[in-house]
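Everything below concerns the one structure shown next.
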Amino acid sequence: MKFSKRIISFVLATITLFSAAIPAFSADGNLPANEASTGFTDEDFLSTKGQDIVNRKGEKIQLKGVNLGAWMIWEDWLCPYDGGFDHSTVLEILTERFGIEKAYELFNTYMDNWITEYDLDEIKSMGFNCVRVPFWYRNFYYDDTGTKVLDENGKWDLSRLEWVVEECSKREIYVVLDMHGAVGYQSDAPHNGKKGECGLYDDTEQGERYRELTDELWTEIASRFKGNPAVAMYDLLNEPMCDVPSGELERRKNNEFIYSRLYNTVRAADSDHIITMECIWTAFALPQAFLKGWKNVVYQVHFYNNSNFIFNLFTWFTKLVFSDVPMMMGEFYPHKATTWENCFKTLNKANYSWFLWTYKATGHGMWESDWCLRGSKDGFWRADVENDSFEEIADKWGERIRTENGFQDTGHYERDVKAYI
(Lines give C-alpha, C1' and ligand atoms only; values in the text may rest on other atoms or scores of the structure.)
Protein backbone atom coordinates (compact mmCIF):
# COMPACT_ATOMS: atom_id res chain seq x y z
CA MET A 1 0.00 0.00 0.00
CA LYS A 2 2.85 2.33 0.92
CA PHE A 3 4.56 1.44 -2.38
CA SER A 4 1.39 2.29 -4.34
CA LYS A 5 1.11 5.63 -2.55
CA ARG A 6 4.71 6.42 -3.43
CA ILE A 7 4.07 5.63 -7.10
CA ILE A 8 0.94 7.80 -7.11
CA SER A 9 2.79 10.64 -5.39
CA PHE A 10 5.64 10.39 -7.90
CA VAL A 11 3.24 10.44 -10.86
CA LEU A 12 1.32 13.43 -9.46
CA ALA A 13 4.54 15.32 -8.77
CA THR A 14 5.78 14.61 -12.29
CA ILE A 15 2.50 15.83 -13.81
CA THR A 16 2.65 18.98 -11.68
CA LEU A 17 6.22 19.69 -12.72
CA PHE A 18 5.44 19.04 -16.37
CA SER A 19 2.34 21.24 -16.26
CA ALA A 20 4.29 24.08 -14.69
CA ALA A 21 6.88 23.89 -17.44
CA ILE A 22 4.33 24.22 -20.23
CA PRO A 23 2.33 27.47 -20.49
CA ALA A 24 -1.42 27.15 -20.91
CA PHE A 25 -2.82 27.78 -24.36
CA SER A 26 -6.00 29.64 -25.13
CA ALA A 27 -8.89 28.11 -27.04
CA ASP A 28 -7.49 29.26 -30.38
CA GLY A 29 -4.12 27.66 -29.72
CA ASN A 30 -2.29 30.89 -29.03
CA LEU A 31 -0.45 31.71 -25.83
CA PRO A 32 -2.20 34.12 -23.46
CA ALA A 33 -0.96 37.69 -23.84
CA ASN A 34 0.77 37.65 -20.45
CA GLU A 35 2.66 34.43 -21.23
CA ALA A 36 3.17 34.61 -24.97
CA SER A 37 6.42 36.54 -24.91
CA THR A 38 9.50 36.88 -22.80
CA GLY A 39 10.81 40.04 -24.42
CA PHE A 40 13.21 40.70 -27.26
CA THR A 41 16.89 39.76 -27.06
CA ASP A 42 19.88 40.77 -29.16
CA GLU A 43 19.14 37.84 -31.49
CA ASP A 44 15.88 39.58 -32.48
CA PHE A 45 17.68 42.69 -33.76
CA LEU A 46 16.68 43.32 -37.39
CA SER A 47 18.72 44.20 -40.44
CA THR A 48 18.36 43.81 -44.20
CA LYS A 49 19.72 41.11 -46.47
CA GLY A 50 18.95 41.66 -50.14
CA GLN A 51 15.17 42.10 -50.34
CA ASP A 52 14.58 40.47 -46.95
CA ILE A 53 14.45 41.70 -43.38
CA VAL A 54 16.23 39.21 -41.10
CA ASN A 55 17.04 38.81 -37.43
CA ARG A 56 20.46 37.83 -36.10
CA LYS A 57 19.48 34.17 -36.16
CA GLY A 58 19.14 34.50 -39.93
CA GLU A 59 15.35 34.13 -39.89
CA LYS A 60 13.34 36.14 -42.41
CA ILE A 61 10.89 38.51 -40.75
CA GLN A 62 7.88 39.99 -42.51
CA LEU A 63 6.54 42.82 -40.39
CA LYS A 64 2.74 42.76 -40.21
CA GLY A 65 1.48 45.64 -38.18
CA VAL A 66 -0.76 48.58 -37.55
CA ASN A 67 -0.20 52.32 -37.16
CA LEU A 68 -0.81 54.05 -33.84
CA GLY A 69 -2.28 57.05 -35.62
CA ALA A 70 -3.90 60.00 -33.79
CA TRP A 71 -1.80 59.37 -30.67
CA MET A 72 1.34 61.52 -30.68
CA ILE A 73 0.29 63.62 -33.69
CA TRP A 74 -3.34 64.46 -34.43
CA GLU A 75 -5.62 64.71 -37.44
CA ASP A 76 -9.06 66.23 -36.92
CA TRP A 77 -10.95 63.41 -38.66
CA LEU A 78 -9.38 60.82 -36.36
CA CYS A 79 -9.34 62.69 -33.04
CA PRO A 80 -11.93 63.75 -30.43
CA TYR A 81 -12.05 67.49 -30.97
CA ASP A 82 -14.17 69.85 -33.05
CA GLY A 83 -13.17 72.59 -35.48
CA GLY A 84 -11.30 70.80 -38.26
CA PHE A 85 -7.96 72.11 -36.97
CA ASP A 86 -4.52 70.66 -37.64
CA HIS A 87 -2.45 69.75 -34.57
CA SER A 88 -0.36 72.90 -34.62
CA THR A 89 -3.49 75.07 -34.57
CA VAL A 90 -4.94 73.10 -31.65
CA LEU A 91 -1.76 73.72 -29.65
CA GLU A 92 -1.81 77.41 -30.59
CA ILE A 93 -5.41 77.76 -29.39
CA LEU A 94 -4.76 75.93 -26.13
CA THR A 95 -1.55 77.89 -25.50
CA GLU A 96 -3.28 81.22 -26.09
CA ARG A 97 -6.10 80.24 -23.73
CA PHE A 98 -4.21 78.44 -20.96
CA GLY A 99 -0.47 78.98 -21.44
CA ILE A 100 2.14 76.59 -22.80
CA GLU A 101 2.47 74.43 -19.67
CA LYS A 102 -1.29 73.88 -19.37
CA ALA A 103 -1.57 73.24 -23.11
CA TYR A 104 1.02 70.48 -22.81
CA GLU A 105 -0.72 69.16 -19.71
CA LEU A 106 -3.82 68.59 -21.85
CA PHE A 107 -1.67 67.15 -24.65
CA ASN A 108 -0.16 64.67 -22.19
CA THR A 109 -3.55 63.80 -20.68
CA TYR A 110 -4.72 62.87 -24.16
CA MET A 111 -1.64 60.76 -24.93
CA ASP A 112 -1.79 59.03 -21.51
CA ASN A 113 -5.24 57.71 -22.40
CA TRP A 114 -5.35 57.25 -26.18
CA ILE A 115 -2.84 54.37 -26.16
CA THR A 116 -2.26 52.30 -23.01
CA GLU A 117 -0.96 48.84 -22.15
CA TYR A 118 -4.47 47.56 -22.82
CA ASP A 119 -4.08 48.53 -26.48
CA LEU A 120 -0.70 46.86 -26.83
CA ASP A 121 -2.17 43.68 -25.34
CA GLU A 122 -4.99 43.89 -27.88
CA ILE A 123 -2.54 44.36 -30.75
CA LYS A 124 -0.49 41.39 -29.53
CA SER A 125 -3.57 39.20 -29.19
CA MET A 126 -4.57 39.97 -32.78
CA GLY A 127 -1.26 38.56 -34.00
CA PHE A 128 0.48 41.72 -35.22
CA ASN A 129 4.25 41.69 -34.74
CA CYS A 130 4.91 45.42 -35.20
CA VAL A 131 3.48 48.90 -34.70
CA ARG A 132 4.38 52.06 -36.57
CA VAL A 133 4.42 55.04 -34.21
CA PRO A 134 3.83 58.44 -35.86
CA PHE A 135 5.19 61.41 -33.88
CA TRP A 136 6.16 65.02 -34.61
CA TYR A 137 8.69 67.52 -33.39
CA ARG A 138 6.25 69.21 -30.98
CA ASN A 139 6.35 66.08 -28.81
CA PHE A 140 9.93 67.11 -28.00
CA TYR A 141 10.16 70.85 -28.72
CA TYR A 142 7.80 73.52 -27.40
CA ASP A 143 8.33 75.54 -30.57
CA ASP A 144 10.24 75.59 -33.86
CA THR A 145 13.21 77.50 -32.40
CA GLY A 146 14.65 74.59 -30.40
CA THR A 147 13.11 74.97 -26.92
CA LYS A 148 13.27 71.39 -25.63
CA VAL A 149 10.60 69.64 -23.57
CA LEU A 150 12.51 68.48 -20.49
CA ASP A 151 11.65 65.85 -17.89
CA GLU A 152 11.78 66.36 -14.12
CA ASN A 153 15.53 65.66 -14.13
CA GLY A 154 16.25 68.27 -16.79
CA LYS A 155 16.83 65.65 -19.49
CA TRP A 156 15.33 65.94 -22.95
CA ASP A 157 12.00 64.14 -22.55
CA LEU A 158 11.62 61.17 -24.88
CA SER A 159 9.71 59.17 -22.28
CA ARG A 160 6.69 58.59 -24.50
CA LEU A 161 8.79 56.84 -27.14
CA GLU A 162 10.80 55.01 -24.49
CA TRP A 163 7.58 53.77 -22.89
CA VAL A 164 6.09 52.37 -26.09
CA VAL A 165 9.37 50.70 -27.11
CA GLU A 166 9.78 49.12 -23.67
CA GLU A 167 6.18 47.89 -23.48
CA CYS A 168 6.25 46.56 -27.03
CA SER A 169 9.52 44.77 -26.35
CA LYS A 170 7.92 42.93 -23.42
CA ARG A 171 5.24 41.70 -25.82
CA GLU A 172 7.68 40.96 -28.67
CA ILE A 173 6.15 43.64 -30.87
CA TYR A 174 8.61 45.57 -33.04
CA VAL A 175 8.36 49.36 -33.30
CA VAL A 176 8.88 51.60 -36.33
CA LEU A 177 9.68 55.13 -35.12
CA ASP A 178 8.05 57.43 -37.67
CA MET A 179 8.86 61.15 -37.93
CA HIS A 180 5.43 62.21 -39.12
CA GLY A 181 6.16 65.91 -38.74
CA ALA A 182 9.70 67.33 -38.89
CA VAL A 183 10.71 70.78 -37.70
CA GLY A 184 9.61 73.20 -40.42
CA TYR A 185 7.36 70.49 -41.92
CA GLN A 186 8.16 68.28 -44.90
CA SER A 187 4.89 68.62 -46.82
CA ASP A 188 1.83 70.82 -47.31
CA ALA A 189 -0.51 68.17 -45.89
CA PRO A 190 -2.13 68.69 -42.45
CA HIS A 191 -1.10 65.22 -41.30
CA ASN A 192 2.47 66.43 -40.71
CA GLY A 193 1.17 68.84 -38.08
CA LYS A 194 0.39 72.01 -40.04
CA LYS A 195 -1.32 72.47 -43.37
CA GLY A 196 0.42 74.47 -46.09
CA GLU A 197 3.81 74.66 -44.37
CA CYS A 198 6.75 72.97 -46.07
CA GLY A 199 9.82 74.83 -44.85
CA LEU A 200 12.20 71.92 -44.33
CA TYR A 201 13.58 72.23 -47.87
CA ASP A 202 13.78 76.04 -48.04
CA ASP A 203 17.10 77.36 -49.31
CA THR A 204 17.12 80.02 -46.59
CA GLU A 205 18.69 80.61 -43.20
CA GLN A 206 15.40 79.61 -41.59
CA GLY A 207 15.21 76.45 -43.67
CA GLU A 208 18.72 75.50 -42.57
CA ARG A 209 17.73 76.06 -38.94
CA TYR A 210 14.78 73.69 -39.39
CA ARG A 211 17.14 71.07 -40.80
CA GLU A 212 19.59 71.55 -37.93
CA LEU A 213 16.84 70.96 -35.38
CA THR A 214 15.56 67.91 -37.25
CA ASP A 215 19.13 66.60 -37.27
CA GLU A 216 19.36 67.27 -33.54
CA LEU A 217 16.14 65.38 -32.84
CA TRP A 218 17.06 62.35 -34.94
CA THR A 219 20.52 62.27 -33.33
CA GLU A 220 18.91 62.13 -29.89
CA ILE A 221 16.40 59.44 -30.90
CA ALA A 222 19.04 57.28 -32.58
CA SER A 223 21.37 57.66 -29.60
CA ARG A 224 18.64 56.67 -27.13
CA PHE A 225 17.60 53.55 -29.05
CA LYS A 226 20.96 52.42 -30.38
CA GLY A 227 21.26 48.67 -29.94
CA ASN A 228 17.61 48.24 -28.88
CA PRO A 229 16.24 45.14 -30.65
CA ALA A 230 12.60 46.23 -30.24
CA VAL A 231 13.13 49.12 -32.65
CA ALA A 232 12.64 47.69 -36.14
CA MET A 233 13.71 50.84 -37.99
CA TYR A 234 13.78 54.61 -38.11
CA ASP A 235 11.26 56.14 -40.53
CA LEU A 236 13.05 59.39 -41.38
CA LEU A 237 10.15 61.39 -42.85
CA ASN A 238 6.51 60.59 -43.45
CA GLU A 239 5.27 61.32 -46.97
CA PRO A 240 7.81 64.01 -47.89
CA MET A 241 6.60 66.60 -50.43
CA CYS A 242 2.99 65.38 -50.06
CA ASP A 243 0.48 67.84 -51.58
CA VAL A 244 3.30 70.14 -52.69
CA PRO A 245 2.65 71.44 -56.24
CA SER A 246 5.93 70.39 -57.83
CA GLY A 247 7.20 68.34 -60.74
CA GLU A 248 8.71 64.89 -60.45
CA LEU A 249 12.27 66.18 -60.85
CA GLU A 250 11.89 68.72 -58.04
CA ARG A 251 10.34 66.10 -55.78
CA ARG A 252 13.17 63.66 -56.51
CA LYS A 253 15.82 66.34 -55.96
CA ASN A 254 14.37 67.40 -52.60
CA ASN A 255 13.97 63.82 -51.42
CA GLU A 256 17.57 62.93 -52.32
CA PHE A 257 18.84 66.05 -50.58
CA ILE A 258 16.96 65.67 -47.29
CA TYR A 259 17.20 61.88 -47.08
CA SER A 260 20.97 61.93 -47.72
CA ARG A 261 21.37 64.45 -44.92
CA LEU A 262 19.18 62.57 -42.43
CA TYR A 263 20.71 59.21 -43.35
CA ASN A 264 24.16 60.56 -42.48
CA THR A 265 22.79 62.14 -39.29
CA VAL A 266 21.32 58.88 -38.03
CA ARG A 267 24.29 56.78 -39.12
CA ALA A 268 26.63 59.02 -37.11
CA ALA A 269 24.66 58.13 -33.98
CA ASP A 270 23.56 54.56 -34.80
CA SER A 271 25.25 52.44 -37.43
CA ASP A 272 23.13 49.33 -36.94
CA HIS A 273 19.40 50.02 -37.11
CA ILE A 274 17.46 49.83 -40.36
CA ILE A 275 16.49 53.16 -41.88
CA THR A 276 13.36 53.43 -44.02
CA MET A 277 12.74 56.05 -46.71
CA GLU A 278 9.44 56.73 -48.47
CA CYS A 279 8.63 56.73 -52.20
CA ILE A 280 5.64 59.07 -52.24
CA TRP A 281 3.78 58.64 -54.52
CA THR A 282 5.85 57.02 -57.23
CA ALA A 283 8.69 54.56 -57.56
CA PHE A 284 10.80 57.32 -59.07
CA ALA A 285 10.67 59.55 -55.98
CA LEU A 286 13.85 57.92 -54.61
CA PRO A 287 17.24 57.05 -56.11
CA GLN A 288 18.72 53.58 -56.14
CA ALA A 289 20.12 52.92 -52.67
CA PHE A 290 23.40 51.49 -53.93
CA LEU A 291 24.10 54.63 -55.97
CA LYS A 292 23.86 56.73 -52.81
CA GLY A 293 25.84 54.32 -50.67
CA TRP A 294 22.82 53.76 -48.40
CA LYS A 295 23.07 50.43 -46.58
CA ASN A 296 20.64 48.57 -44.33
CA VAL A 297 17.67 50.51 -45.68
CA VAL A 298 14.05 49.64 -46.45
CA TYR A 299 12.08 51.53 -49.09
CA GLN A 300 8.51 52.33 -48.16
CA VAL A 301 5.36 53.11 -50.12
CA HIS A 302 1.82 54.12 -49.13
CA PHE A 303 -1.35 53.37 -51.08
CA TYR A 304 -4.86 54.76 -50.72
CA ASN A 305 -6.82 54.56 -53.95
CA ASN A 306 -7.51 53.11 -57.41
CA SER A 307 -8.16 49.48 -58.37
CA ASN A 308 -6.78 46.03 -57.62
CA PHE A 309 -4.95 46.15 -60.94
CA ILE A 310 -3.26 49.47 -60.10
CA PHE A 311 -2.40 48.28 -56.58
CA ASN A 312 -0.80 45.09 -57.91
CA LEU A 313 1.05 46.92 -60.67
CA PHE A 314 2.33 49.55 -58.23
CA THR A 315 3.44 46.90 -55.71
CA TRP A 316 5.32 44.67 -58.13
CA PHE A 317 6.74 47.47 -60.28
CA THR A 318 8.18 49.24 -57.23
CA LYS A 319 9.69 45.98 -56.01
CA LEU A 320 11.23 45.44 -59.46
CA VAL A 321 12.66 48.98 -59.66
CA PHE A 322 14.26 48.71 -56.21
CA SER A 323 15.55 45.17 -56.51
CA ASP A 324 18.29 45.48 -53.86
CA VAL A 325 16.23 46.61 -50.84
CA PRO A 326 13.27 45.21 -48.88
CA MET A 327 9.93 46.91 -49.52
CA MET A 328 7.32 48.02 -47.01
CA MET A 329 3.74 49.27 -47.29
CA GLY A 330 3.84 51.73 -44.39
CA GLU A 331 0.19 52.78 -44.71
CA PHE A 332 -2.67 51.49 -46.82
CA TYR A 333 -6.42 51.37 -47.09
CA PRO A 334 -8.26 49.71 -50.03
CA HIS A 335 -10.13 52.78 -51.15
CA LYS A 336 -12.55 52.74 -54.11
CA ALA A 337 -12.21 49.57 -56.20
CA THR A 338 -9.38 47.93 -54.25
CA THR A 339 -10.19 44.97 -51.98
CA TRP A 340 -8.63 43.87 -48.70
CA GLU A 341 -8.22 40.32 -49.97
CA ASN A 342 -6.27 41.47 -53.00
CA CYS A 343 -4.09 43.83 -50.95
CA PHE A 344 -3.07 41.24 -48.40
CA LYS A 345 -2.51 38.42 -50.89
CA THR A 346 -0.39 40.66 -53.09
CA LEU A 347 1.68 42.11 -50.25
CA ASN A 348 2.32 38.72 -48.66
CA LYS A 349 3.25 37.14 -51.98
CA ALA A 350 5.59 40.03 -52.81
CA ASN A 351 7.18 39.81 -49.34
CA TYR A 352 6.27 43.36 -48.39
CA SER A 353 6.09 44.26 -44.73
CA TRP A 354 2.81 46.11 -44.17
CA PHE A 355 0.98 48.37 -41.72
CA LEU A 356 -2.73 49.16 -41.61
CA TRP A 357 -3.89 52.73 -41.14
CA THR A 358 -4.95 52.79 -38.32
CA TYR A 359 -5.53 51.10 -34.94
CA LYS A 360 -8.23 53.41 -33.52
CA ALA A 361 -10.16 56.53 -34.47
CA THR A 362 -13.06 58.75 -33.46
CA GLY A 363 -15.67 60.26 -35.73
CA HIS A 364 -19.14 59.61 -37.07
CA GLY A 365 -19.39 56.06 -38.38
CA MET A 366 -15.96 55.03 -37.07
CA TRP A 367 -17.65 52.33 -34.95
CA GLU A 368 -18.04 50.31 -38.17
CA SER A 369 -15.35 51.82 -40.39
CA ASP A 370 -12.67 49.94 -42.32
CA TRP A 371 -10.29 52.81 -41.52
CA CYS A 372 -9.67 51.44 -38.03
CA LEU A 373 -9.80 48.32 -35.88
CA ARG A 374 -11.31 50.11 -32.90
CA GLY A 375 -13.82 52.91 -33.52
CA SER A 376 -15.51 55.34 -31.16
CA LYS A 377 -19.01 54.36 -30.08
CA ASP A 378 -21.99 56.37 -31.23
CA GLY A 379 -22.42 59.44 -29.03
CA PHE A 380 -18.71 59.94 -28.33
CA TRP A 381 -17.53 63.15 -26.68
CA ARG A 382 -15.56 65.77 -28.59
CA ALA A 383 -13.65 68.67 -27.05
CA ASP A 384 -14.42 72.22 -28.15
CA VAL A 385 -10.88 73.55 -27.83
CA GLU A 386 -12.00 77.12 -28.44
CA ASN A 387 -14.72 77.27 -25.77
CA ASP A 388 -14.57 74.34 -23.34
CA SER A 389 -12.91 75.00 -19.99
CA PHE A 390 -9.58 73.40 -19.14
CA GLU A 391 -11.39 70.95 -16.87
CA GLU A 392 -13.92 70.03 -19.54
CA ILE A 393 -11.21 69.33 -22.12
CA ALA A 394 -9.22 67.32 -19.57
CA ASP A 395 -12.32 65.24 -18.86
CA LYS A 396 -13.07 64.64 -22.53
CA TRP A 397 -9.45 63.62 -23.15
CA GLY A 398 -9.20 61.55 -20.00
CA GLU A 399 -10.41 58.01 -19.40
CA ARG A 400 -13.33 58.54 -21.79
CA ILE A 401 -10.95 58.07 -24.74
CA ARG A 402 -9.46 54.83 -23.46
CA THR A 403 -10.22 52.03 -25.88
CA GLU A 404 -11.92 49.85 -23.28
CA ASN A 405 -14.24 52.71 -22.29
CA GLY A 406 -15.36 54.57 -25.41
CA PHE A 407 -14.54 52.33 -28.37
CA GLN A 408 -15.74 49.14 -29.98
CA ASP A 409 -14.49 46.50 -32.37
CA THR A 410 -15.35 47.58 -35.91
CA GLY A 411 -15.47 43.97 -37.13
CA HIS A 412 -12.84 44.83 -39.72
CA TYR A 413 -10.17 42.64 -38.13
CA GLU A 414 -12.22 39.43 -38.08
CA ARG A 415 -13.77 40.09 -41.48
CA ASP A 416 -10.81 41.35 -43.50
CA VAL A 417 -7.49 41.11 -41.68
CA LYS A 418 -7.15 38.10 -39.42
CA ALA A 419 -6.73 35.47 -42.13
CA TYR A 420 -3.65 37.21 -43.56
CA ILE A 421 -1.55 37.77 -40.44
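List of remarks:
- Accessible surface of the chain [probe 1.4 Å, protein heavy atoms]: carbon and sulfur percent: 51
- Crossing angle, helix 248-269 versus the chain [Cα axis fit, 0-90 degrees, rounded to tens]: 60
- The GNM of the chain, with springs linking C-alpha atoms under 10 angstrom apart, assigns the highest mean-square fluctuation among Phe309, Phe135, Phe284 to Phe309.
- Packing-based ranking of 85-98, 148-161 yields 85-98, 148-161, ordered from highest to lowest mean Cβ neighbour count within 10 Å.
- Asp143-Gln408 pseudo-label distance in nm [points 7 Å out on the Cα-to-Cβ vector]: 4.6
- With each label modelled as a point 7 angstrom along the Cα→C-beta vector, the Asn348-Gln62 pair spans 0.7 nm.
- Remark: C-alpha extents of segment 199-284 on the principal axes read 39, 31, 17 Å, sorted largest to smallest.
- Too-long pairs where the Cα-Cα distance tops 20 Å, listed order kept, from Lys57/Lys349; Lys360/Lys418; Lys155/Lys226; Lys148/Lys295; Lys170/Lys349: Lys57/Lys349; Lys148/Lys295; Lys170/Lys349
- Convex hull per residue volume in Å³, alpha carbons only, for segment 53-104: 123
- Modelled this way, with points 7 Å down the Cα-to-C-beta line, the labels at Thr41 and Ser323 are 3.8 nm from one another.
- Reachable aspartates and glutamates, given that their alpha-carbon falls under 16 Å from the alpha-carbon of Lys124 and they are not under 8 places away in the same chain: Asp28, Glu35, Glu166, Glu167, Glu172, Glu404, Asp409, Glu414
- Residue-averaged 222 nm ellipticity for the chain, from DSSP H runs of 4+ at -39500 (n - 2.57), nearest 500: -11000 deg cm²/dmol
- Normalised by the number of residues in segment 133-205, the mean separation of alpha-carbon contacts (under 8 Å, six or more apart) gives a relative contact order of 28 percent.
- Amide H contacts of Ile61: Ile53, Val54, Asn55, each under 5 Å away and 5 or more positions distant or on a separate chain (H built 1.01 Å from N in the peptide plane; Pro and chain starts excluded).
- Charge sum, other residues only, whose C-beta stays under 15 Å from Ile53's C-beta, Lys/Arg counted +1 and Asp/Glu -1: +1
- Percent of C-alpha pairs per 10 Å bin, segment 228-375, short to long: 10, 37, 35, 16, 2
- Note on Ser271 and Asn153: the extension gain reaches 39.6 nm, defined as 0.36 nm multiplied by sequence separation minus the Cα-Cα distance.
- Accessible area expressed per residue, the chain, with surrounding protein chains retained (probe 1.4 Å, Å²): 43
- Taking Cα atoms only, the orientation of helix 308-321 departs from the longest principal axis of the chain by about 80 degrees.
- Crossing angle, helix 159-170 versus the chain [Cα axis fit, 0-90 degrees, rounded to tens]: 30
The values are calculated or read from the model by the stated rules, or taken from the named source; none is laboratory data. Quantities reported herein were computed from a predicted structural model and do not represent experimental measurements. Cβ sites come from the backbone with ideal geometry, for glycine too, and all protein chains shown count toward neighbours. Note: areas computed on protein heavy atoms with side chains; ligands, DNA, RNA excluded. Shrake-Rupley method; radii C 1.70, N 1.55, O 1.52, S 1.80 Å.
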